[in-house]
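Here is the structure we will look at, set down as structure tokens.
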Amino acid sequence: MAMVQTAFDPSARRREIGRLFARKRLISFGVPAFILAYLIYVFLSFDIHGLAARARMDNAKILLADAYSHKVHVTRHERIGQVTVAIEGENKGTYPAEAWPSWVRTEGDSTVVDLDNAATARFDPDAVRFDIPDFGLLEIVHSDDGIIVRSPVEPLPEWINASPTRVSVTRPEGRLSVTRNRAEVFRYFAGWELFFFTLDSPFHAKSWSELASLAVSAERIRPGQSNLWAMLSDFWNNAMWRHGDVAWAIFETILMAFLGTMGAALAAFPLGFAAAHNFTPSRVIRFGTRRLFDFLRGVDGLIWTIVLSRAFGPGPLTGSLAILLTDTGTFGKLFSEAIENVDRKQIDGLRSTGAGGLQRVRFGVIPQVAPVIVSQVLYYLESNTRSATVIGAVVGGGIGLLLTQAIQTQKDWEEVTYYIVLTLLMVSMMDILSGWLRGKLIGRSASNAVH
Amino acid sequence: MTGPATSALGSLKADYLALVRRRRMYSGLITVLFVSVLAAGFSVADARNAGGFWQGLPKIFDFPAELISEAIDKSADLPANLLLYLPALIETVNIAAVSTLVGALLAIVLSLLSTRGLARWPRLIPFFRRAMDVARAVPEIVIALVLIFVMGGGPVPALIAITFHSAGALGKLFSEVNENADLKPVEGLASVGASWLQRMWLGVIPQVAPNYISYALLRFEINVRASAILGFVGAGGIGAELRVAISWGTGRYDAAAAIFILLFLTIVAIDQLSSYYRNRLVGAH
């Protein structure tokens, strides 16, 4: 103590403090300045400024509107002069000619479509007429020069898009589109139509209470099949929403995550011993195993997926193996660190009772590393469910594939919404399940300590 | 006296052995169940795959061999190819870096707002917790695909998607770190009238910063991988180039080899650097 006091030199200490403050000042101004400069560079290089021009807000609008509503197409096919009424314009959603909804009716040779706000659209033999109450009558006529629009207001308002080959009218009441081959009216309704039963099912358009009483009634709608069973099968095989296929896709995604994670854990456990210095004296084996882990992790799931899908083709097995290979590297590293950190005393105690190598591992090492391993495996199981969604999009399997396909066709946004909701439910469920299992298997406090 | 004592000991021993046997039977049953579920799972996955496992296994090295032989044939082009795809690689790393940075900043705010004892509005703790859970649960690909449809391709959809997910994932880890922070400096600052921001900035952040940075480095590594794979699905960067390079027919395997090399080296470098700095940061504690 005395030595320190005699060596105390105020000017040297002042210099030291001055240096410290200068360094602190540099860090507290330099780091934010560097971050800001980096963000500006990225802002420019990603052309975020030009994004507003590129973004298609009409796409966003369609997406949002379709997410909670559906449209019904009333179409006149000009070649054959036939009118069809179909949900989303799909074959599977076409109303039979004798069972049109009440807002579409036939008057002589004309078809009249009632829209919201007392607007009507008529397919007359000579023209397509769109009567909008506070605007007037819009007539669209086929002529030798193409399609002509007769409007009470000239020039045409911006919600009419007219060319000689195609006229489209977009109003809150509904949409109208006329080409040489077809005239089409779209009317929007809230909700996901035909979610439970398609039009050809006897259970379509029945209320919940009617369905419940049908389910328990002995009178069979479809001979040879109980009503409840018929209902379930109509729902499961719903041709528009394909609930059965979607359920399989979700199952495939979870399967990929499960097989990949568990397979990787099984493969990594013995390898972890080979990479731990307290169990493998050979430097060469240790080095080799560790580089193997680095290689497996470094190649990354994306490259493994591509390489494996060339050999095994698209599907859940390829996805599982890609996750398995990547995570063997990750788990190997984590497990070997856990094994290196075990307490020697328990192993020495077992050795003193004459336990063999396997017994020492079983009773000396596994109880010590099990909490870490279980916690990590469960954590990765949840995280891999998300990875399996992406890998499914790359490799062609599971809900990821359905999602990419539905988005690429850019048609059925309500299906996209359905898939997104299911994906979120799936991930949340796996999250809850893995947290619950972690709590059950190693206790709540221990599971927090590991992370 | 000895008679009853021995018999009591004997029954105790029998009970104990019965217990051990039952335990062994249960763990044996669980093991059998686990292995059969795993085996059944693999056979289902195999059946639903386009090509089977045993037919595919001999072909597993065909594609890498083809790739390597074409790369060797055109090895003179390799440096040029590496240089050609460097900008795409930088874009991928930039996506990951910015989303880690912005995600971590959001996560700091969210985690402070959702930690008991630190929160600005204690009543809103459950709300911020749920917000983090939701952000964490959304797979990046969902946001990326929807944003690609609205904004067109390019790095921004991937950037937003990864940032969103990172904010949730890091927020949860950060709030666990916050829970272990010492509250005394915060109370001291409160007693001299420091505002909430000052209490957090001067009282909490200096304690937790090393752990924050350590988790953020780990996230950066994860995000580089995520940004590469999202590129393959439609966002920009090296994943998009890889998709073109390996497509059937028009594929250029020498280019694909160059991309594989770049990606591999980047991931290994980031992996090693992040684990080195993480050990230093957390080891210093």
Practice problem: Could you tell me whether A:E98 is under 23 Å from A:S201 (Cβ atoms), in contact with a Lys or Arg (Cβ under 8 Å, 6 or more places away or on another chain) and modelled with pLDDT under 80? | Solution: no
Quiz item: Is it true that B:L189 is loosely packed, with under 15 Cβ neighbours inside 10 Å and either more than 10 Å from chain A (Cβ to nearest Cβ) or part of a helix (DSSP H, G or I) (or both)?
Solution: no
Practice problem: Identify the single condition in (1) surrounded by fewer than 17 Cβ atoms within 10 Å (Cβ to Cβ); (2) in a helix (DSSP H, G or I) that B:G239 does not satisfy, given that it satisfies every other one. | Solution: (1)
Quiz item: Which numbered condition trips up B:P79, out of (1) assigned to a helix (DSSP H, G or I); (2) within 14 Å of another protein chain (Cβ to nearest Cβ)?
Solution: (2)
Quiz item: List, please: which pairs have Cβ atoms under 6 Å, are six or more places apart or on different chains, and start with a residue in region A:429-444 that is over 15 Å from B:V134 (Cα atoms) and end with one that is surrounded by 15 or more Cβ atoms within 10 Å (Cβ to Cβ) and aliphatic (A, V, I, L, M)?
Solution: A:S434/A:L378; A:S434/A:L381; A:L437/A:L378; A:R438/A:L378; A:L441/A:V374; A:I442/A:V374
Quiz item: Is region B:5-13 home to any residue that is over 32 Å from the mean Cα position of the chain (by Cα) and either surrounded by 12 or more Cβ atoms within 10 Å (Cβ to Cβ) or of a type in the set (D, E, K, R) (or both)?
Solution: yes
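Every residue, every condition in (1) within 11 Å of chain A (Cβ to nearest Cβ); (2) β-branched (V, I, T); (3) in contact (Cβ under 8 Å) with a residue 40 or more places away in the chain, yes or no:
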| position | (1), (2), (3) |
| --- | --- |
| B:V98 | yes, yes, yes |
| B:R123 | no, no, no |
| B:L145 | yes, no, yes |
| B:L159 | yes, no, yes |
| B:F164 | no, no, yes |
Exercise. Just one of (1) within 14 Å of chain B (Cβ to nearest Cβ); (2) within 30 Å of A:D412 (Cβ to Cβ) trips up A:W229, so point out which.
Key: (1)
Quiz item: Among all residue pairs at least 6 apart or on different chains, which show Cβ distances below 8 Å where the first residue, located in region B:51-71, is in contact (Cβ under 8 Å) with a residue 12 or more places away in the chain and the second is acidic (D, E)?
Solution: B:E70/B:D254; B:A71/B:D254
Practice problem: All but one of (1) of a type in the set (S, T, Y); (2) surrounded by fewer than 19 Cβ atoms within 10 Å (Cβ to Cβ); (3) over 30 Å from A:A393 (Cβ atoms) hold for B:S247, so report the exception by its number. | Solution: (3)
Exercise. For residues that are under 24 Å from the mean Cα position of the chain (by Cα) and loosely packed, with under 12 Cβ neighbours inside 10 Å, scanning just region A:35-64, find the one that is nearest to A:E414 (Cα to Cα).
Key: A:K61
Quiz item: Mind checking whether some residue in region A:355-378 is under 22 Å from the mean Cα position of the chain (by Cα) and either more than 10 Å from every other protein chain (Cβ to nearest Cβ) or surrounded by fewer than 18 Cβ atoms within 10 Å (Cβ to Cβ) (or both)?
Solution: yes
Quiz item: In this structure, does B:G28 turn out to be surrounded by 15 or more Cβ atoms within 10 Å (Cβ to Cβ), more than 29 Å from the chain's Cα centre (by Cα) and over 30 Å from B:F220 (Cα atoms)?
Solution: no
Quiz prompt | Residue match in region B:117-124 (condition: assigned to a helix (DSSP H, G or I), buried (at least 21 other Cβ atoms within 10 Å of the Cβ), in the same structural domain as B:G237 (by TED's automatic domain parsing) and not small (G, A, S)) | solution = no
Exercise. Give the number of residues within region A:89-114 that are within 37 Å of the chain's Cα centre (by Cα), part of a loop (DSSP other than H, G, I, E, B) and charged (D, E, K, R).
Key: 1
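The values are calculated or read from the model by the stated rules, or taken from the named source; none is laboratory data. Remember, it's a predicted structure, so these values are computed and weren't measured experimentally. All Cβ positions, glycine included, derive from the backbone under ideal geometry; neighbour counts span all protein chains shown.
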